[in-house]
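**Q** One structure follows; several queries about it will come next.
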Amino acid sequence: MQDLDFCKQILGLQDPWQVQAVEIDPPSNRLDIYIGFVGGRKKGLFGSSDQATCPHCQASLPRAEDYEAVALRHLPVANLRTYLHVPPAGTVHSERGDCICMQDWAASGSRFTQAMQDHVIAALQAAPTNQIAARLASVSSSEAREISELTGIAPAGRDAAPAADTAAPGSDSGHDFDLADTSHIPGADHAGWQRLINGELPIQTDSVALRMLLQRVRSNIEKDPGEQTRLAGAQSLRQFFIKNQQLLKHEIELLGADQATMASRAGADHAGASGLPPESAAVWQKLINGEQQIETRVVGLQMMLERVRQSVERNPAESNRLAGARILRQFFAKHQTRLGSEIAQLGGATPQPTAAAAVASTETARQPLPSERDPVWQRLISGDIQLQSDVISLKMLLERVRQAISRNPSEGNRVAAAKVLRQYFEKNRSKHPDEINQLLAGAGTHDSHAAVSAAELPAEDHPNWQRLINGDISLRTDAVSLKMLLERVRQAIARKPSEANRLAGARMLRQYFTKNQHRHAAEIRMLTGDESAHQPVAHDDEHSAVIPAITHPSWQRLINGELQIMTDAVGLKMMLERIRLSIEHNPTDASRLAGAKILRQYFIKHQNKHRAELEQLRAA
């Protein structure tokens, strides 16, 4: 407690600010101070306490778990590299803009506190080079250069550096370089950098360093697709181009040509988006907050909305919200011709279709597409139906779907693929009348093994149901819902093995197969087929002994999401997601135990592929 009070005095904190924790790491000579609000972490006997308020303006103060703190480099304390972990700007909303609870710790656009930035600026103004300024301020050369570029203040022995819009994390070269004329290189906020990052601007380059930098920027954005990460990536690329402009003349020419092309299109884009609400319209914030719901089947829009919401949730500052509105409006402007109904829901003016497009739309609207369960989609995926088409996007989508199915040919994956294809055709009806006609010609036709009628299923009193319940028949299936139903039936009979209970279990299983026979044709054939399909699958007990038992709490923690396993295995991720959905629909203890058993069986079957994941599971 004394160290918290000491740090509060050193930092000169006033209520409602307080030091919540202090961490010292002697090997790295680092001190981390966590700053929050008074009452932010208080908990009562029966849960969290009432929301704390600022004593000066009565604004609500968030708890530490309500926001993601940002780390800022601060002046050294006791000769330790000191970092303050503070709430991001915009966390508190007060009617008094000058209230102390609204304090913004970071210097504008910087990852330093204002006091630290002023300290480095003073060193820059007194030193002839960045290296000497860095030694005077006890920072690295890259940090000194970062502040120099951010503020436009160069060392005393050099001309002022051009001020950057945002500091670029990761610029850690140990030497200085002179900045020549950069007027021909677009600013970091220019759309060309985002097009380069997205791959829309294909720059052919022999520079391995540029390729590697691009890959790192894209990886960072994939992990955190927020506006700040994208801007930091653009800043890193721009600094690389400035530093190596003599070697990248051809690439800079391509960037400049793209800049001119984009400028020539700006007027047309603005005119085309004239029916959209402006960025400042309240409808965009309502859309981000979820207050405004849009009915849409466009996957790109759904994903864009989700990314913007996650970014704003991590950093709810006003600038981030405005950036989110700008991104959404740009997306709507770019795809205005195919987002007519979505724009109408926003309250904007929709573009009027041409007469030819209206006729085509009317014709295709008369022909309903086959349902997702129609076997025509599986025949299309398997190649039994060959569509005559010159549309590249359709061919590429089909190829991606087939590759996904070849990697994971489960029933759930096949249904998902059929849904993706149907959505594509629904969305592009007017572009694919011929392909839709070919599909309709094959719809509703089943091959001899596509489905099994309920009459072909064994009766409830057939011994095969009891053999399935006892495990004498082992069905090879990837259907999680079937596995969990089987497990629940077995547990119920284990608790009460009466004849009536066994017959009830057989009845439940038969009803399930009757209802889902179109999905489980292969399993029904195993159930009604020859004895060779009835052999149970044996597992290696010697190897499975190292995997926790199904009653071990780590399985439930994994299902609940309390235990996060780092993995790139899509099969494991999909298995976990299906189990969680199943338990969400039926959150009983039996269902949870069945989920644990399925997960354990999965790890036993694939333990050679998932050694790293098993280590994480055992460590937990």
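The values are calculated or read from the model by the stated rules, or taken from the named source; none is laboratory data. Computed from a predicted structure; not experimentally measured. Heads up, the Cβs are rebuilt from the backbone with ideal geometry, glycines too, and the neighbour counts pull from every protein chain shown. Please note that ligands, DNA and RNA were not included when accessible areas were found on the heavy atoms of the full protein model with its side chains. Shrake-Rupley method; radii C 1.70, N 1.55, O 1.52, S 1.80 Å.
**Q** Answer yes or no: is there a residue in segment 274-297 that is assigned to a helix (DSSP H, G or I), open to solvent by 20 Å² or more (accessible area, probe 1.4 Å), among the polar types (S, T, N, Q) and at pLDDT 80 or above.
**A** So far as segment 274-297 goes, yes, one or more of its residues are assigned to a helix (DSSP H, G or I), open to solvent by 20 Å² or more (accessible area, probe 1.4 Å), among the polar types (S, T, N, Q) and at pLDDT 80 or above.
**Q** Follow-up. Under 8 Å by Cβ, and 6 or more places apart or on different chains, what pairs join a residue from segment 375-396 that is modelled with pLDDT of 80 or more with one that is of a type in the set (D, E, K, R) and surrounded by 13 or more Cβ atoms within 10 Å (Cβ to Cβ)?
**A** Trp377/Arg422; Gln378/Arg414; Ile381/Arg402; Ile381/Arg414; Ile385/Arg379; Leu387/Glu435; Leu394/Glu435
**Q** Right, another one. Could you list all residues from segment 98-122 that are at pLDDT 80 or above, open to solvent by less than 10 Å² (accessible area, probe 1.4 Å) and either outside any loop (DSSP other than H, G, I, E, B) or among the aliphatic types (A, V, I, L, M) (or both)?
**A** Of everything in segment 98-122, those that are at pLDDT 80 or above, open to solvent by less than 10 Å² (accessible area, probe 1.4 Å) and either outside any loop (DSSP other than H, G, I, E, B) or among the aliphatic types (A, V, I, L, M) (or both) turn out to be Cys101, Phe112, Thr113, Met116, Val120.
**Q** With Ala163, Ala188, Ala167 as the choices, which residue is part of a loop (DSSP other than H, G, I, E, B), modelled with pLDDT under 75 and surrounded by 15 or more Cβ atoms within 10 Å (Cβ to Cβ)?
**A** Every option except Ala167 fails the conditions.
**Q** Within segment 576-585, which residues are in contact (Cβ under 8 Å) with a residue 24 or more places away in the chain and over 13 Å from Trp555 (Cβ atoms)?
**A** Result: Arg578, Ser582.
**Q** Answer with yes or no whether Arg218 is surrounded by fewer than 17 Cβ atoms within 10 Å (Cβ to Cβ), at pLDDT 75 or above and assigned to a helix (DSSP H, G or I). Let's see the steps before the verdict.
**A** Details: surrounded by fewer than 17 Cβ atoms within 10 Å (Cβ to Cβ): yes; at pLDDT 75 or above: yes; assigned to a helix (DSSP H, G or I): yes.
Criteria met by Arg218.
**Q** In segment 5-26, how many are of a type in the set (S, T, N, Q) and open to solvent by less than 60 Å² (accessible area, probe 1.4 Å)? Even if it seems obvious, please write down each step before you answer.
**A** Filtering segment 5-26 down to residues of a type in the set (S, T, N, Q) leaves 9, 14, 18, 20.
Of the ones still in play, those that are also open to solvent by less than 60 Å² (accessible area, probe 1.4 Å) are 18, 20.
Going through segment 5-26 one residue at a time, the tally reaches 2.
**Q** Could you please let me know if Arg407 is open to solvent by 70 Å² or more (accessible area, probe 1.4 Å), within 20 Å of Leu482 (Cβ to Cβ), touching a residue at least 40 places away in the same chain (Cβ under 8 Å) and not aliphatic (A, V, I, L, M)?
**A** no
**Q** Restricting to segment 130-159, give me the number of residues that are over 37 Å from the mean Cα position of the chain (by Cα) and open to solvent by less than 50 Å² (accessible area, probe 1.4 Å).
**A** So the answer is 7.
**Q** Pick from segment 305-338 the residues that are of a type in the set (A, V, I, L, M) and farther than 15 Å from Thr229 by Cβ: which of them is surrounded by the most Cβ atoms within 10 Å (Cβ to Cβ)?
**A** The selected residue is Ala325.
Residues are listed down the side, and each one gets a yes or a no for (1) under 18 Å from Gly595 (Cβ atoms); (2) polar (S, T, N, Q); (3) touching a His at 6+ places or on another chain (Cβ under 9 Å):
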site	(1), (2), (3)
His462	no, no, no
Trp465	no, no, no
Asn470	no, yes, no
Ala479	yes, no, yes
Glu499	no, no, no
Leu503	no, no, no
Ala506	no, no, yes
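**Q** Sticking with this structure for a sec: Sort out for me the helices (runs of 4 or more DSSP H) sitting completely within segment 526-620 that have 2 or more residues that are open to solvent by less than 70 Å² (accessible area, probe 1.4 Å) and either touching a strand residue (DSSP E or B) at 6+ places or on another chain (Cβ under 7 Å) or modelled with pLDDT of 80 or more (or both).
**A** Result: 553-560, 570-585, 589-605, 611-619.
**Q** Looking at this structure, is Gly471 of a type outside the set (S, T, N, Q) and at positive phi?
**A** Numbers: of a type outside the set (S, T, N, Q): yes; at positive phi: yes.
The answer is yes for Gly471.
**Q** Oh, and also: Checking Arg238 against (1) in contact with a helix residue (DSSP H, G or I) (Cβ under 7 Å, 6 or more places away or on another chain); (2) under 22 Å from Leu305 (Cα atoms); (3) modelled with pLDDT of 75 or more, which test does it fail?
**A** (2)
**Q** For segment 494-520: of the residues being within 22 Å of Val480 (Cβ to Cβ) and among the charged types (D, E, K, R), which is surrounded by the fewest Cβ atoms within 10 Å (Cβ to Cβ)?
**A** Going through the qualifying residues, I end up with Lys515.
**Q** In this structure, does Glu342 turn out to be modelled with pLDDT of 80 or more, of a type in the set (D, E, K, R) and either part of a helix (DSSP H, G or I) or out of contact with any helix residue (DSSP H, G or I) (no Cβ under 7 Å at 6 or more places or on another chain) (or both)?
**A** Spelling it out, Glu342 is indeed modelled with pLDDT of 80 or more, of a type in the set (D, E, K, R) and either part of a helix (DSSP H, G or I) or out of contact with any helix residue (DSSP H, G or I) (no Cβ under 7 Å at 6 or more places or on another chain) (or both).
**Q** Run Lys483 past the list (1) open to solvent by less than 40 Å² (accessible area, probe 1.4 Å); (2) touching a residue at least 60 places away in the same chain (Cβ under 8 Å) and report the number of the one that doesn't hold.
**A** (1)
**Q** When both residues are 6+ apart or on different chains and their Cβ atoms are under 8 Å apart, which pairs have a first residue that lies in segment 17-37 and is on the phi > 0 side of the Ramachandran plot and at pLDDT below 85, and a second that is in a helix (DSSP H, G or I) and surrounded by fewer than 19 Cβ atoms within 10 Å (Cβ to Cβ)?
**A** none
**Q** Test of understanding: among Arg73, Arg41, which residue is modelled with pLDDT under 75, crowded, with 16+ Cβ neighbours inside 10 Å and of a type outside the set (A, V, I, L, M, F, W, C)?
**A** Arg41
**Q** Regarding Pro88, is this residue closer than 20 Å to Ser319 by Cβ, touching an Asp or Glu at 6+ places or on another chain (Cβ under 9 Å), at pLDDT 80 or above and of a type outside the set (Lys, Arg)?
**A** When the stated conditions are applied, Pro88 passes them.
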